[in-house]
1. Straight-line reach only, C-alpha to C-alpha below 30 angstrom: list the lysines that Lys174 could link to, leaving out same-chain residues fewer than 8 apart.
2. Scan around Ser102 for amide H atoms under 5 Å from its own, H built in the peptide plane at 1.01 Å from N, and keep only partners 5 or more places away or cross-chain.
3. Enter the Cα centre distance for the pair region 113-152 and region 1-63, rounded to the nearest angstrom.
4. Consider all pairwise Cα distances in the chain and report the whole-number % of them above 29 Å.
5. Using a Gaussian network model of the chain whose springs link C-alpha atoms within less than 10 Å, name the residue from Arg107, Arg74, Arg83 with the highest mean-square fluctuation.
6. Determine the share of the chain's accessible area contributed by carbon and sulfur atoms, expressed in whole percent, with a 1.4 angstrom probe.
7. What number comes out for accessible area per residue over the chain if the probe is 1.4 Å? Units Å², please.
8. Within region 34-177, what percent of beta bridges assigned by DSSP are antiparallel, to the nearest 5?
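The values are calculated or read from the model by the stated rules, or taken from the named source; none is laboratory data. For clarity, every value in this text was computed on a predicted model and none was experimentally measured. Here the Cβ positions follow ideal geometry from the backbone for every residue, glycine too, while neighbour counts run over all protein chains shown. These accessible areas exclude ligands, DNA and RNA; they are computed on the full protein's heavy atoms, side chains included. Shrake-Rupley method; radii C 1.70, N 1.55, O 1.52, S 1.80 Å.
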Amino acid sequence: MKRVFDVLLILLGLPLLLPLLVVVGLLVRVNLGAPVFFKQVRPGLAGKPFTMMKFRSMTDERDEQGNLLPDALRLTKFGRFLRSTSLDELPGLWSVLKGDMSLVGPRPLLVEYLPLYSAEQARRHETRPGITGWAQVNGRNAISWEQKFEYDVWYVDNQSLWLDIKIIFLTLKKVFVRDGISADGEETMSKFTGSLDK
């Protein structure tokens with residue numbers, strides 16, 4: 001039922017989504033250049049890797065040694081707008097149609113985090129990752145990693161169609177007020193380095 005709901009909702013929204021994807025894609029090209037998309041391998045259901053796609057929100061500026069500059073220096077005003085409105089996430093809908101992701105579920109994080117999870121935190125991979133999730137509507141990037149993982153596992157144990165509908169509506173509200181976009185002192189979220197209770 002969850003999979004049917006995901007696909008049906010995207011197909012019903014195509015008349016609005018397709019023009020929006022084109023417009024945002026063109027704006028990314030004008031403001032940030034090529035490539036328009038940011039692609040990265042992330043762990044999905046059962047930790048199986050898949051390629052996640054987002055609209056690019058940062059430049060490729062590098063230092064004298066050829067290393068990428070910190071996010072704070074590469075994230076432009078336009079990029080901040082994309083992230084705060086979650087418009088950068090729109091290409092992820094393709095991953096939902098492919099079955100790699102769901103509209104609602106724990107956010108897909110970095111592959112390098114996999115060995116850092118406690119056994120309980122690793123349970124977040126017992127369901128497909130989502131464009132949005134219970135952690136995103138309960139603090140997004142402004143809460144600690146531990147809180148975020150607690151919300152993710154709670155979702156795994158309590159997921160239902162009605163909960164997904166609630167999360168989608170709460171997500172729209174969060175996007176409108178642009179709440180919880182970044183952690184204190186960070187442009188987005190600090191890097192996860194492991195839990196004390198592992």
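1. Filter leaves Lys2, Lys39, Lys48, Lys54, Lys77, Lys98, Lys148, Lys166, Lys191.
2. Residues meeting the criterion, in which the H sits 1.01 Å from N, are Gly130, Ile131.
3. 20
4. On the way: 4113 of 19503 pairs.
That fraction is 21 percent.
5. Among Arg107, Arg74, Arg83, the largest mean-square fluctuation in the Gaussian network model of the chain belongs to Arg74.
6. On the way: 6790 of 10940 Å².
The nonpolar share, carbon plus sulfur, comes to 62 percent.
7. Values: 10940 Å² over 198 residues.
Solvent-accessible surface per residue comes out at 55 Å².
8. Working: 9 of 11 bridges.
For region 34-177, the DSSP antiparallel bridge percentage is about 80.
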